[in-house]
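Enquirer: Here it is, the structure, as structure tokens.
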Amino acid sequence: MKLKGFIVLCLLLAARYALATGGMTEVTYMDQEAEGGGYVTRYLVTPRFLRMDYGRDRDDYVLYDRSEKRAYSINNGRREVMVFEPGPLHLDPPKEWNIKEDVLNERNAEKRVDIIVNGTVCSRLTASARFLPEVAQALMEFQETMAATQAATYLATPPEERDPCDLARLVLEPRRWFKYGLSLDELDNNGFSRRLLNYQADIALRPAIFDIPADYRQLNLQQIRGEAQ
């Protein structure tokens with residue numbers, strides 16, 4: 001093989017390896033509840049995993065396996081892993097149900113949008129379809145996988161405390177919150193707010209932070225709920 005052909009082959013193999021393993025994208029937000037101080041939420045995304053934590057590798061974290069569609073909540077203090085699996089969604093919209101978006105303004109791929117359920121503005125957010133679409137996709141996949149679990153929580157909530165915005169976002173319409181891309185800032189009707197702090201794309205992968213500790217006790221939420229019924 002000629003040297004030039006060998007170099008081209010090596011470059012192609014390197015590109016395929018990079019595509020298969022992928023780099024890592026990191027996105028951090030400043031989040032704040034209606035009452036209380038702000039805190040950092042960090043998302044680490046690879047082609048295989050989504051990790052959610054408070055900004056440090058040693059934190060407790062939620063790990064979502066995108067290929068298996070299974071989520072794990074790792075608690076280091078209790079040395080436990082709670083496992084969340086997808087399931088059928090046995091929950092229909094209420095009799096009175098109307099959900100829509102109102103685009104307030106737009107600039108190129110960036111839009112400011114109200115998401116409205118039954119006349120209530122659940123979220124006012126600014127999002128961009130061109131900003132890290134792979135992160136938006138991973139978060140949407142996670143929300144869809146968690147919908148059945150969230151539905152069970154919603155049904156266990158007393159009727160007078162149920163929130164149509166939660167029902168829309170967490171159970172029935174999770175895709176709608178990513179329709180216009182990844183959020184840059186957000187204000188919800190419950191007082192929660194979020195703004196983008198920082199992001200880095202294609203950074204060096206740290207495989208260990210996507211591990212599930214083998215010596216931690218694993219609990220399956222669906223099994224626990226089944227045994228409790």
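The values are calculated or read from the model by the stated rules, or taken from the named source; none is laboratory data. As the structure is a prediction and not an experimental result, all values here were calculated from the model. All Cβ positions, even for glycine, are placed from backbone atoms using ideal geometry, and neighbour counts span all protein chains on display.
Enquirer: Out of the residues in segment 129-141 that are surrounded by 17 or more Cβ atoms within 10 Å (Cβ to Cβ) and touching a helix residue (DSSP H, G or I) at 6+ places or on another chain (Cβ under 9 Å), state the one that is farthest from residue 168 (Cα to Cα).
Expert: Top of the filtered list is 136.
Enquirer: Test of understanding: among 145, 126, which residue is over 30 Å from residue 211 (Cα atoms) and either small (Gly, Ala, Ser) or buried (at least 18 other Cβ atoms within 10 Å of the Cβ) (or both)? Walk me through how you get there before you give the answer.
Expert: Numbers: 145 fails: over 30 Å from residue 211 (Cα atoms).
Every option except 126 fails the conditions.
Enquirer: What's the total number of residues in segment 53-71 that are touching a residue at least 60 places away in the same chain (Cβ under 8 Å) and surrounded by fewer than 19 Cβ atoms within 10 Å (Cβ to Cβ)?
Expert: 4
Enquirer: Something else now. So, in segment 184-210, of the ones that are in a loop (DSSP other than H, G, I, E, B) and among the polar types (S, T, N, Q), which residue ends up farthest from residue 161 (Cα to Cα)? Even if it seems obvious, please write down each step before you answer.
Expert: Step one: filter segment 184-210 for residues in a loop (DSSP other than H, G, I, E, B), giving 189-192, 204-206.
Next, only the ones that are among the polar types (S, T, N, Q) stay: 189-190.
On the way: 189: 15, 190: 13 Å.
This residue is 189.
Enquirer: Right, another one. Could you give every pair whose Cβ atoms fall below 6 Å, whose first residue belongs to segment 125-142 and is without any contact (Cβ under 8 Å) to a residue 40 or more places away in the chain, and whose second residue is of a type in the set (A, V, I, L, M, F, W, C) and part of a helix (DSSP H, G or I), counting only separations of at least 6 or pairs across chains?
Expert: Taking only residues 6 or more apart or on different chains, the pairs are 140/178.
Enquirer: Out of curiosity, is residue 111 surrounded by 14 or more Cβ atoms within 10 Å (Cβ to Cβ), of a type outside the set (A, V, I, L, M) and in contact with a Pro (Cβ under 7 Å, 6 or more places away or on another chain)?
Expert: Values: surrounded by 14 or more Cβ atoms within 10 Å (Cβ to Cβ): yes; of a type outside the set (A, V, I, L, M): yes; in contact with a Pro (Cβ under 7 Å, 6 or more places away or on another chain): no.
Against the criterion (surrounded by 14 or more Cβ atoms within 10 Å (Cβ to Cβ), of a type outside the set (A, V, I, L, M) and in contact with a Pro (Cβ under 7 Å, 6 or more places away or on another chain)), residue 111 does not qualify.
Enquirer: Additional query: Residue 144 is checked against (1) touching a Pro at 6+ places or on another chain (Cβ under 6 Å); (2) at positive phi and fails just one. What number does that condition carry?
Expert: (2)
Enquirer: Please work out if residue 180 is in contact (Cβ under 8 Å) with a residue 40 or more places away in the chain and either over 20 Å from residue 52 (Cα atoms) or part of a helix (DSSP H, G or I) (or both). Let's see the steps before the verdict.
Expert: On the way: in contact (Cβ under 8 Å) with a residue 40 or more places away in the chain: yes; either over 20 Å from residue 52 (Cα atoms) or part of a helix (DSSP H, G or I) (or both): yes.
Spelling it out, residue 180 is indeed in contact (Cβ under 8 Å) with a residue 40 or more places away in the chain and either over 20 Å from residue 52 (Cα atoms) or part of a helix (DSSP H, G or I) (or both).
Enquirer: Right, next: Given the condition within 17 Å of the chain's Cα centre (by Cα), at pLDDT 95 or above and buried (at least 16 other Cβ atoms within 10 Å of the Cβ), answer yes or no: does some residue in segment 155-163 qualify? Write out each step before concluding.
Expert: The first filter runs over segment 155-163 and keeps only residues within 17 Å of the chain's Cα centre (by Cα), leaving none.
No, that holds for no residue.
Enquirer: Among the residues in segment 95-113, are any modelled with pLDDT of 95 or more, aromatic (Phe, Trp, Tyr) and in contact with a helix residue (DSSP H, G or I) (Cβ under 6 Å, 6 or more places away or on another chain)?
Expert: No, segment 95-113 contains no residue that is modelled with pLDDT of 95 or more, aromatic (Phe, Trp, Tyr) and in contact with a helix residue (DSSP H, G or I) (Cβ under 6 Å, 6 or more places away or on another chain).
Enquirer: Please return the ranges of strands (runs of 3 or more DSSP E) entirely within segment 97-168 where 1 or more residues are within 25 Å of residue 45 (Cα to Cα).
Expert: Details: elements: 99-107, 110-117, 120-128.
Counting at least 1 such residues, we get 110-117, 120-128.
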